[in-house]
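One structure follows; several queries about it will come next.
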Amino acid sequence: MPGQFEKSNNKDDNDDDVDLKNSTNAVDSDLDEDEVHQDWSQVAKLTKKALKAKLPKRGEKEYEPDGTEIQDAMLVNARKAMYDTLFNSIRGSMLKNQVKAFYIPDRHVAIIPHPKGNFLQTIGRVDKTGICYLNFLEFLYLAERGTVTPFLCNDLNDITNGNEYQLSIQEIYSFFKSQNEMDNFQVYAHLKRLGFIVFPSNSFESGKTTFYPPTSIFKKYFAPSLFKSFYLRIGLIFSKYFNSIANDIFYSTSNFHYMKYLNSISIYKSLNKLIPYHKVPKSKLELLDQKFTIDQLTTTNREFELSFDVWKPQVNFKKKCPNLPDFQIVVYNKNDGSQHFPTYHDCQSIFNQLDYKFGFVQGKDDFDWDSHSYTDEKLRAEYLSSLKSKAKQSNASINTKVEGKKKKRKINSFPPHVQQKMRLKNGYRSFLLAVIDDGIISFTRMTESDFGSENVWYNPTNSKTKRPTRKK
Amino acid sequence: MAKGRPNSKRYKYPLPIHPIDDLPQLYPHNPISWIYWTYCYVKKVNALERKIKVELTGKKYVHILVKDNNDMLYLWENGFFGTGQFSRSEPTWLNRATNRLLPNDEDKKNQVALEKVTQIRRSQRAEFKKEREKMEAQLLELRKQGCTAEEEQEFIEKERETLRELRSKELLLSSIDNELKFRYEDNELFDDMGNIIQLESLELLPVEAIFLTFALPVLEIETDHLFRRLAGDPKNVNYKDIYGLIKKYVAYHHYRSHGWCVRSGIKFGCDYILYQRGPPFHHAEFCVMVLDSEEKHDYTWFSSIARVVGGVKKTFVLCYIERLISEQDILKLWRNGQYHKVFSSFKTSEIIYKRWISGKNRD
């Protein structure tokens, strides 16, 4: 990495300066015994590390044939292993295990009269009579994988009569209603193949879990604390006027002759009154505030709708009433003349539609999403315990169960300036944009960030605790 | 690397207007110290004793140049403003020339220009690669002769060890060799006293010049005059003429005023890059593209920039500027010279654009 070396050198030098200063300070000032003793083991470690030169990394792409037989043999072996595996595995499905799915053209869905199989955990919807309904995307996906055998069903009686017409994959593709639906299928199938759990965003009428409490609960528990923020908002309007007066003074020609600034921070503070910035919701309360008060005032354009809710791969997924999704996806076809890449206002309206696991609100270690989300107008934790079945959905993804895997470090355990950097880089609400270009999908994550609420100036007077934390 | 002054001293102040930080000690029980303190407080001002001279050249494309050697250094050391015309960013040409032509000049000797450091590093890297290639060729030869896997492993181990030694040696010997090369045309660089003439000047971006005139009175130029040169006569401008400048400046001021060191992002295909504190201290971690809130671009536009920005391990920030009052009102304020009201009529907001890789986000 060009640049790395020189910078790190520079920084090291700087650190040395600081260290030297500190050590002399310690000796000069109060001669506490604890401070005078030095831990040489740490220093030894440092010098060892510095002496051992690191070899520069090489790129991954080095497949040039070197003309030796060894390389050829390795390649042949690898290929053979692949072909053998493919050749020797059994193709087709056992008649006993065959699952028949019937496509109903009128309703653009498919039904499975006798559903069985693992896929049912994350796909389809079973009604009271035991029939499983698949939406079209699910139907095609399963048919493509060979999990279900697709049939056409013009009349429900056909199923019982045994009057069946088996569909080819090509025929199923001809049932697509629009290009948009086909784009959606691509995204759906891509994510499903990777193991994600995907449902169309509007597919839950009952049993939908939401981050936002129902109005009754909101009024009872959250509105009072928001009332305070109502006063804050009035305060904001006033502070706008104060700001404009302060600006009048600061940007007058003789400002620095009669105003006294005793440190650089006060100069910065006067400077940053000039440009107003968009404050993004950063906590649960601010999100609710946005939803219930601000959202109602502004009419949002709904040009972009969320297409899919996505959950990371996990066991015990409860498809009847799933928890909050991990991601939400908007699909956009870049070659469709009637669509365009979301503008700023489009993004804002998408942000306001979002309802997923807002990662940034979970500050504490033991943040339980069940007690911060609502299902059927009830707190989700209550809802789950009211369900007879004890099949409580475990939030754990498979991977947290794998032992020995490094656990993610908690954000709180980082020093404040690192936390600040993480806040700026990770941002707040976000959605995924799946961009389709003739069959190729590219995902982009769009995230709200807020540079206006973070100050990174360097404070020369106390360089130890230099970076102020977030303004409240 | 030898150094003249530690960075913490050299870049003590983040802005060219210094705070009053040398007030005498105040002793609460000693009234004289109170009087003395008050006297100092009243007497001292933040404003610069002598503003910095600038030259504006060019009609359509204005160049804003600072020519005095000390002024150039002052602007660089107090907030990293401007770019030396013959240098990467800090105006180091004079130092480099002195080091090259007058290597015995002790004052200047221990200041190593960053350009030089890069040059040394690159030649070292080339040397290293050459050595590595040699070893690879030997390995291939060995393979062709049909060596066993153990032998090969042994050789690779040996190769690594040799390369590591080479690398450590390089790091130890990375001192600067002063090759004395005197060219005929170098004669013209000297004045009558035998000193080298400063040929370099510091060029400021228009937004930097606005910041140093309108926000902080540092440059010796009238704000009205500067805007007239940059955007045309305020009497006959229309909104389109001034909007580009306003958009850029609003974003610049926004990031500057929250403590960032903002420099041009042209090398990364965007408008600005943001340093925390400054280039000698950290790599820039953010690349900013300034957009109007109504602006539309196609996906390729976004993804091209994002790939460049991602390639240098930075975060791509879309900074949207939203107008809060009508164009007519902006024009009226502009003509009245109420620039701070113009700039505060625009609101900023940020969206971070990042590629998302499905396979890497499953747990």
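The values are calculated or read from the model by the stated rules, or taken from the named source; none is laboratory data. It should be emphasised that the depicted structure is a prediction, and the values quoted were computed from it without experimental measurement. In this analysis, Cβ positions are derived from the backbone assuming ideal geometry, glycine residues included, and neighbour counts consider all displayed protein chains. All accessible areas refer to the heavy atoms of the entire protein, side chains included, with ligands and DNA or RNA removed. Shrake-Rupley method; radii C 1.70, N 1.55, O 1.52, S 1.80 Å.
Output yes when any residue across segment B:77-90 is buried (at least 18 other Cβ atoms within 10 Å of the Cβ), more than 12 Å from chain A (Cβ to nearest Cβ) and more than 17 Å from the chain's Cα centre (by Cα), and no when none is.
Taking every residue of segment B:77-90 in turn, none turns out to be buried (at least 18 other Cβ atoms within 10 Å of the Cβ), more than 12 Å from chain A (Cβ to nearest Cβ) and more than 17 Å from the chain's Cα centre (by Cα).
To keep it simple, each residue is scored yes or no on (1) within 18 Å of the chain's Cα centre (by Cα); (2) in a helix (DSSP H, G or I).
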residue: A:320; (1), (2): no, no
residue: A:324; (1), (2): yes, no
residue: A:331; (1), (2): yes, no
residue: A:336; (1), (2): no, no
residue: A:346; (1), (2): no, yes
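Could you list, in sequence order, all residues of segment A:194-218 that are under 17 Å from residue A:134 (Cα atoms) and within 12 Å of another protein chain (Cβ to nearest Cβ)?
A:197, A:198
Just need a number here: residues in segment B:48-96 that are over 22 Å from residue B:261 (Cβ atoms) and of a type in the set (A, V, I, L, M).
Looking only at that region, the number is 3.
Kindly list the number of the only condition in (1) polar (S, T, N, Q); (2) part of a loop (DSSP other than H, G, I, E, B); (3) surrounded by 15 or more Cβ atoms within 10 Å (Cβ to Cβ) that fails for residue A:186.
Every condition holds for residue A:186 apart from (2).
From the list B:24, B:103, which residue is of a type outside the set (A, V, I, L, M, F, W, C), at pLDDT below 85 and touching a Cys at 6+ places or on another chain (Cβ under 7 Å)? Can you show your working first?
Details: B:103 fails: touching a Cys at 6+ places or on another chain (Cβ under 7 Å).
Testing whether each residue is of a type outside the set (A, V, I, L, M, F, W, C), at pLDDT below 85 and touching a Cys at 6+ places or on another chain (Cβ under 7 Å) leaves just B:24.
Within segment B:12-24, identify whether any single residue is crowded, with 17+ Cβ neighbours inside 10 Å and of a type in the set (Asp, Glu), and answer yes or no.
no
Are there any pairs with C-beta distances below 6 angstrom linking a residue in segment B:314-336 that is in contact (Cβ under 8 Å) with a residue 40 or more places away in the chain and closer than 23 Å to residue B:296 by Cβ to a residue that is among the charged types (D, E, K, R) and not in a strand (DSSP E or B), with the two at least 6 apart or on different chains, and if so which?
Close Cβ pairs (under 6 Å, with a partner that is among the charged types (D, E, K, R) and not in a strand (DSSP E or B)) amount to B:321/B:247.
Can you name every residue in segment A:248-278 that is over 24 Å from residue B:41 (Cα atoms) and either of a type outside the set (Lys, Arg) or more than 9 Å from every other protein chain (Cβ to nearest Cβ) (or both)?
Residues satisfying the conditions are A:272, A:274, A:275, A:276, A:277, A:278.
Looking only at segment A:431-459, filter to residues that are in contact (Cβ under 8 Å) with a residue 40 or more places away in the chain and among the small types (Gly, Ala, Ser); which one of those is surrounded by the fewest Cβ atoms within 10 Å (Cβ to Cβ)?
Of everything passing the filter in segment A:431-459, A:439 is surrounded by the fewest Cβ atoms within 10 Å (Cβ to Cβ).
Looking at (1) without any contact (Cβ under 8 Å) to a residue 12 or more places away in the chain; (2) more than 14 Å from every other protein chain (Cβ to nearest Cβ); (3) not in a loop (DSSP other than H, G, I, E, B), find the lone condition where residue B:71 falls short.
Failed condition: (1).
Residue by residue through segment B:332-360, note down the ones that are closer than 26 Å to residue B:285 by Cα, open to solvent by 40 Å² or more (accessible area, probe 1.4 Å) and not in a strand (DSSP E or B).
The answer is B:357, B:359, B:360.
Could I ask something else about it? Within segment A:366-383, is there a residue that is at pLDDT below 70 and either open to solvent by less than 50 Å² (accessible area, probe 1.4 Å) or farther than 30 Å from residue A:440 by Cβ (or both)?
Within segment A:366-383, one or more residues are at pLDDT below 70 and either open to solvent by less than 50 Å² (accessible area, probe 1.4 Å) or farther than 30 Å from residue A:440 by Cβ (or both).
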